[in-house]
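*Asks:* My structure is below; once you've seen it, I'll send some questions.
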Amino acid sequence: MTGNSKNRLAFLDGLRGLAAIYVLAYHVIMSPQPPLAAPDYIGPVIQFGYSGVVLFFVVSAFSLCFTMPRHEATRQPLLSFAVSRFFRIAPLFYVLVGYQVWRVHGNVDPQSLLASLSLLFNLSPAFAASLAWAGWTVGAEVLFYIAFPAIYAASGLKLSRLSVFVLVGVAISLSFWQYRADDPAMRAYHLRSILTFLPTFLIGMLSFVLWEKGKNSPHREKWGLAALAAGVTILLVRSYVIPRLVFSPWCAVDAAAYGLILIGAGLYDFRIMRARALRFYGKISYSVYLWHTVVIFWLMSELHRIYGIALPVGLKYSACFVLVLAVTTAIAYGTYRIIEQPGEWLGKRIFARLRLNKQAPVAAE
């Protein structure tokens, strides 16, 4: 695959699409109460779908490294970066928070609401889950956004420095998981905290550096295919052999596997990553992610009704998956067009206005 921005966008969108669909496939069986049964032959892979969040984080950090030069070109990189990130994620997240407040008729803890609106809720064990279903990931993302410019500058995107940062991140994650490990409330926080996922984001940055080094190699496709094979192998071992450990320091292993897949998809001309349908889901992946658990909640009785039909489990799961995906896709595409895209446009307009005001000459006294 060539290194132009169009192709890079294609494989990034493809991986975002895969991540969104994978998480949705997992929640189709795990979110209903009681949970639904997964087909035996592919059950471990579906149950490993929670790791799609890890893929989201790896792709996010990779993408931030790719787009940071654009912010640097504005000569106000921190302002450009902050405005861009806020208007990329906040508008839709606030809509989902608003939906939750409406659903419970306003019966919401004011502190929890303020924490969610601040986007800093991942700092607190009490509020890390967020009011928006599945929105806890936004809290982890935001804290990484805050740290990213400093990490970017300190590392200089040097392989040796980022490798050390990854090792430090793993050490922090392991130490954090030992902190008050016998406290159930803290254990729940361990599952969502930025400290757990810090190595995941750093591996995403490291993946970008390795991809940059490999994209001009005459052997890039061989290296890409090898990276893809290694990443998929690690994930299959994690799915079928190693006991499932949801969001633990094992995330660093999962992130490494997804990092290899990301590098491989960027170096090898893996056509499925450029498939129109997959790229479509990549573009609306944020809306798909935030809406899909809400849709499952709405359709829960229908999902259980489908599972009550005398059919093979594989057919029942497939029917539920297609139903949830279809409804989620319709809603996600709508919010992508009327909330996400206008939000990004508004962010660009606001940054342009702030930039003009900052560059305006000061009147003589």
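The values are calculated or read from the model by the stated rules, or taken from the named source; none is laboratory data. Keep in mind the model is a prediction, meaning the values are calculated, not measured. Glycine also receives a Cβ, built like all others from the backbone with ideal geometry; neighbour counts cover every protein chain displayed.
*Asks:* Within the bounds of region 180-187, is there any residue that is part of a loop (DSSP other than H, G, I, E, B), out of contact with any Gly (no Cβ under 7 Å at 6 or more places or on another chain) and under 22 Å from Val253 (Cα atoms)?
*Replies:* Within region 180-187, one or more residues are part of a loop (DSSP other than H, G, I, E, B), out of contact with any Gly (no Cβ under 7 Å at 6 or more places or on another chain) and under 22 Å from Val253 (Cα atoms).
*Asks:* All but one of (1) surrounded by fewer than 16 Cβ atoms within 10 Å (Cβ to Cβ); (2) at pLDDT 95 or above; (3) not aromatic (Phe, Trp, Tyr) hold for His105; which doesn't?
*Replies:* Checking His105 against (1) surrounded by fewer than 16 Cβ atoms within 10 Å (Cβ to Cβ); (2) at pLDDT 95 or above; (3) not aromatic (Phe, Trp, Tyr), the one that fails is (2).
*Asks:* Related question: Considering only residues of region 213-266 that are under 25 Å from Ala140 (Cβ atoms) and of a type in the set (D, E, K, R), which is surrounded by the fewest Cβ atoms within 10 Å (Cβ to Cβ)?
*Replies:* For region 213-266, the residue satisfying everything is Arg244.
*Asks:* Further, regarding this structure: Cβ-Cβ distance below 6 Å, separation of 6 or more or different chains: which pairs start in region 49-72 with a residue that is over 22 Å from Lys348 (Cβ atoms) and end on one that is among the acidic types (Asp, Glu)?
*Replies:* Ser51/Asp254; Val54/Asp254
*Asks:* Quick one: would you say Ser31 is in contact (Cβ under 8 Å) with a residue 24 or more places away in the chain, over 22 Å from Ser301 (Cα atoms) and of a type in the set (S, T, N, Q)? Walk me through how you get there before you give the answer.
*Replies:* Numbers: in contact (Cβ under 8 Å) with a residue 24 or more places away in the chain: yes; over 22 Å from Ser301 (Cα atoms): no; of a type in the set (S, T, N, Q): yes.
For Ser31, the condition - in contact (Cβ under 8 Å) with a residue 24 or more places away in the chain, over 22 Å from Ser301 (Cα atoms) and of a type in the set (S, T, N, Q) - is not met.
*Asks:* Taking region 209-252 on its own, how many of its residues are within 28 Å of Met68 (Cα to Cα), at pLDDT 95 or above and among the aliphatic types (A, V, I, L, M)?
*Replies:* Number of matching residues: 5.
*Asks:* Taking the condition of being of a type in the set (D, E, K, R), farther than 23 Å from Trp250 by Cβ and outside any helix (DSSP H, G or I), how many residues in region 188-227 meet it?
*Replies:* Of the residues in region 188-227, 1 are of a type in the set (D, E, K, R), farther than 23 Å from Trp250 by Cβ and outside any helix (DSSP H, G or I).
*Asks:* Starting from residues that are over 19 Å from His292 (Cα atoms) and of a type in the set (A, V, I, L, M), keep the ones in region 306-326 and report whichever is surrounded by the fewest Cβ atoms within 10 Å (Cβ to Cβ).
*Replies:* Among them, the one singled out is Ala310.
*Asks:* (1) free of Cβ contacts under 8 Å to residues at least 24 places away in the same chain; (2) touching a Leu at 6+ places or on another chain (Cβ under 8 Å); (3) of a type in the set (A, V, I, L, M): which one isn't true of Ala154, the others all being true?
*Replies:* Here Ala154 meets the rest and fails (2).
*Asks:* I'd like to know if region 228-240 contains one or more residues that are out of contact with any helix residue (DSSP H, G or I) (no Cβ under 7 Å at 6 or more places or on another chain), assigned to a helix (DSSP H, G or I) and β-branched (Val, Ile, Thr). So that I can check it myself, show each step before the final result.
*Replies:* Just the residues of region 228-240 that are out of contact with any helix residue (DSSP H, G or I) (no Cβ under 7 Å at 6 or more places or on another chain), to begin with: 229, 233, 236-237.
Retained after the next criterion (residues that are assigned to a helix (DSSP H, G or I)): 229, 233, 236-237.
Filter again for β-branched (Val, Ile, Thr), leaving 233, 237.
Scanning region 228-240, I find at least one residue that is out of contact with any helix residue (DSSP H, G or I) (no Cβ under 7 Å at 6 or more places or on another chain), assigned to a helix (DSSP H, G or I) and β-branched (Val, Ile, Thr), so the answer is yes.
*Asks:* Quick one: which residue in Ser60, Ser163 is closer than 12 Å to Leu202 by Cα and more than 17 Å from the chain's Cα centre (by Cα)?
*Replies:* Only one candidate qualifies: Ser163.
*Asks:* Determine if region 297-315 includes at least one residue that is at pLDDT 95 or above, aliphatic (A, V, I, L, M) and within 23 Å of the chain's Cα centre (by Cα).
*Replies:* No, every residue in region 297-315 fails to be at pLDDT 95 or above, aliphatic (A, V, I, L, M) and within 23 Å of the chain's Cα centre (by Cα).
*Asks:* Please go through region 281-301 and pick out each residue that is more than 17 Å from Tyr99 (Cβ to Cβ) and crowded, with 16+ Cβ neighbours inside 10 Å. Give the derivation first.
*Replies:* Of the residues in region 281-301, the ones more than 17 Å from Tyr99 (Cβ to Cβ) are 281-285, 301.
Hits for region 281-301 are Tyr281, Gly282, Lys283, Ile284, Ser285.
*Asks:* Can you find, within region 148-179, the residue that is nearest to Pro249 (Cα to Cα) among those that are touching a Cys at 6+ places or on another chain (Cβ under 8 Å) and of a type outside the set (A, V, I, L, M)?
*Replies:* Ser173
*Asks:* For region 143-164, indicate whether the set of residues that are over 16 Å from Ile194 (Cα atoms), among the charged types (D, E, K, R) and exposed (fewer than 14 other Cβ atoms within 10 Å of the Cβ) is non-empty.
*Replies:* Looking through region 143-164, at least one residue is over 16 Å from Ile194 (Cα atoms), among the charged types (D, E, K, R) and exposed (fewer than 14 other Cβ atoms within 10 Å of the Cβ).
*Asks:* Take the residues of region 119-142 that are polar (S, T, N, Q) and closer than 12 Å to Phe197 by Cβ: which is surrounded by the fewest Cβ atoms within 10 Å (Cβ to Cβ)?
*Replies:* Result: Thr137.
*Asks:* Another question, then. Does region 7-24 contain any residue that is among the β-branched types (Val, Ile, Thr) and within 18 Å of the chain's Cα centre (by Cα)?
*Replies:* The initial filter retains those residues of region 7-24 that are among the β-branched types (Val, Ile, Thr), namely 21, 23.
Of the ones still in play, those that are also within 18 Å of the chain's Cα centre (by Cα) are 21, 23.
Within region 7-24, one or more residues are among the β-branched types (Val, Ile, Thr) and within 18 Å of the chain's Cα centre (by Cα).
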